[in-house]
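Below you'll find the structure, written out as C-alpha cells, and then a few comments.
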Ligand code: AMP
C-alpha cells in the first residue's frame, strides 16, 4: 500500500498505476478505523482493480464547539488494517496543506443539509461537500463507498454529484454493529463505562419503532413519541433529535404512504460525544 500525503502525488501515483480502464473504488474516512469502515473497504476490494482509502479528519465539518481536537486518531493502526485489506493507496493529507491558507470555497446542498443533523450542525454538510468534492477530484473513482450510518451524508453527497454531473456511482453499505446493537463509530471509545452501557438504547428504540410500523398502520407522531419516551429514560445521555423522515427527501413524514421508505433517525449526546443511528423502514 502506498501512502500519499498530497493530491498531486496521489494523482501521479494513480496515473502510474495505469488507472485508465481499470475500476477505481474509493472509501473516504476520518480514520480510527473499525469493522464498519472495513466493510466498505472489503466491498471496494471485491468490486475494483484499484482501491483508494483516505484518512482525513476534516476541520471544515466540525463546528467551533465540536470535538475536532478530541476526535480519536491512530494512524499506525489504521495503516495496518488497510494494508491487511489489500488497499492499494491511502491518501492522508495534512489539513494545512489540503486547505491552503487562502482557501475560500464552500459547497452546499441546501435542502437536504437542513433537517436532522443539520439542525445542531448548521455548517457540517457544507464542510462534508467541500471535502468530498476535493477528494473526488483527486481520486476520480468509478465508485464511492459510503455507510448508512451517516445516511443524511449519503443523501447530500448523492445530490451533490448529481447536481454537479460528477461521474461516480455511489454504493451504500449497511450499518455494522457491536454485539449489543450499538452502531460502530470511532467516537464510541470516548464513552465512559456507564455511557457505553446505556448507548445501545439508541438502536433498541429505533428497532422498536421499526417493529411497530411493521405491525400495521400507526400514526407517525405516536411512533416518534415512543422513540422519544424510551430515549428520555437515558440517565447519561441527552436527546439531540428523534425524527421520522421520508428516506429520499428527508422531509418529516406526516402520513403513511404504502410502498414508501422512511428513515427513523436519532442523535444523542453522551457528555460531549454525539452518537447517531438510524433504521430504514419500508411501509407496507
Ligand atoms: P467516518 O470515518 O466516521 O467519517 O466514516 C467513514 C465512512 O464509513 C462513512 O461512509 C461512514 O458512513 C462509514 N461508517 C462509519 N461507521 C460505520 C458503520 N458502523 N457501519 C458501516 N459504515 C460505517
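The values are calculated or read from the model by the stated rules, or taken from the named source; none is laboratory data. Just so it is clear, the model here is predicted, and its values are computed rather than measured. Here Cβ is always computed from backbone atoms with ideal geometry, including for glycine, and neighbour counts include all displayed protein chains.
Residues in segment 183-206 that are in a loop (DSSP other than H, G, I, E, B) and in contact (Cβ under 8 Å) with a residue 24 or more places away in the chain were compared, and the one that is nearest to the ligand (Cβ to nearest atom) is 184. You will find that of 150, 222, the residue that is in the same structural domain as residue 254 (by TED's automatic domain parsing) and either in a helix (DSSP H, G or I) or surrounded by 19 or more Cβ atoms within 10 Å (Cβ to Cβ) (or both) is 222 and no other.
Of all the residues in segment 158-177, those that are on the phi < 0 side of the Ramachandran plot and more than 9 Å from the ligand (Cβ to nearest atom) number 13.
Looking across segment 207-246, the residues that are closer than 19 Å to residue 119 by Cβ and touching a residue at least 60 places away in the same chain (Cβ under 8 Å) come down to 240, 241, 243, 245.
Regarding residue 135, is this residue within 18 Å of the chain's Cα centre (by Cα), in the same structural domain as residue 53 (by TED's automatic domain parsing) and on the phi > 0 side of the Ramachandran plot? For residue 135, the condition - within 18 Å of the chain's Cα centre (by Cα), in the same structural domain as residue 53 (by TED's automatic domain parsing) and on the phi > 0 side of the Ramachandran plot - is not met.
What number of residues within segment 153-168 are part of a loop (DSSP other than H, G, I, E, B) and closer than 14 Å to residue 108 by Cα?
Residues flagged as part of a loop (DSSP other than H, G, I, E, B) and closer than 14 Å to residue 108 by Cα within segment 153-168 amount to 1.
Elements of the type strands (runs of 3 or more DSSP E) sitting completely within segment 1-92 and holding at least 2 residues that are crowded, with 21+ Cβ neighbours inside 10 Å and within 11 Å of the ligand (Cβ to nearest atom): these cover 24-29, 50-55.
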